[in-house]
């Protein structure tokens, strides 16, 4: 059962998400929050697995709340997955949310089935970015100069783990990576888990961001 907390400053939006998600047999709504501060407190108090997080909220916005729940300063054992769902598709929100530790990003006009599957993906550690903003996200990566400090973090990875991370960053699935490296899919899953653990990352999405920021891979090439 996936325990979900809904955080949005509009009651009608929270109600809509609740109606949609309560019909799913594997999802349980454990609470609603109308601002970021309340979201952080309730998510921890009610042991949420995933928080559906709006960006613009009073007292504490969604980016701050995401950082408090899943950011790099939060011990791995205490992190709670965040799926940011917002009407805003501006680049700064996408980057802000993902860098704050969000495992996924969706626009509010996404189809209901897309939202449900996104929740399942995030809860399963796969991460997700809305297809509508993926193109702009990659274009933005092209403008970012590699950060040597971020690159040094990759030194703790084995040669095979670096190879897996490189293929993750090109958008390949576990099955595709397994075929490319001539190994079992279960082996790839183990390598992905090791990459995330060694780099202190919460999701595949964050691993992809690090791959670009470190210069391991660049749009259109390596």
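Numbers at a glance
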quantity: Mean Cβ neighbour count within 10 Å, used as a protection proxy, ranking 31-40, 174-183 highest first; calculated: 31-40, 174-183
quantity: Förster-model FRET efficiency, 25 Å R0, residue 189 and residue 26, C-beta, rounded to 0.05; calculated: 0.75
quantity: Ranked 17, 105, criterion: other C-beta atoms within 10 Å, fewest first; calculated: 17, 105
quantity: Ranked by how many other beta carbons lie within 10 Å on average, peptides 19-25, 97-103 from highest; calculated: 97-103, 19-25
quantity: Potential lengthening between residue 18 and residue 179 on full extension [0.36 nm per residue; Cα-Cα distance subtracted]; calculated: 54.0 nm
quantity: Sites residue 159 and residue 117 - FRET efficiency at Förster radius 45 Å, r taken between beta-carbons, to 0.05; calculated: 0.85
quantity: Cα pair distances of the range 146-213 binned at 10 Å [whole percent]; calculated: 22, 59, 18, 1
quantity: Considering only the range 1-53, percent of DSSP beta bridges that pair antiparallel, nearest 5; calculated: 0 percent
quantity: Value of relative contact order over the range 146-213, rounded to a whole percent, pairs C-alpha under 8 Å and six or more apart; calculated: 43 percent
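Read-outs: derived from the displayed coordinates by stated rules, not from any lab. A quick note: this is a predicted structure, and the numbers were derived from the prediction, not measured. Positions of Cβ are backbone-derived with ideal geometry, glycine not excepted, and every protein chain shown enters the neighbour counts.
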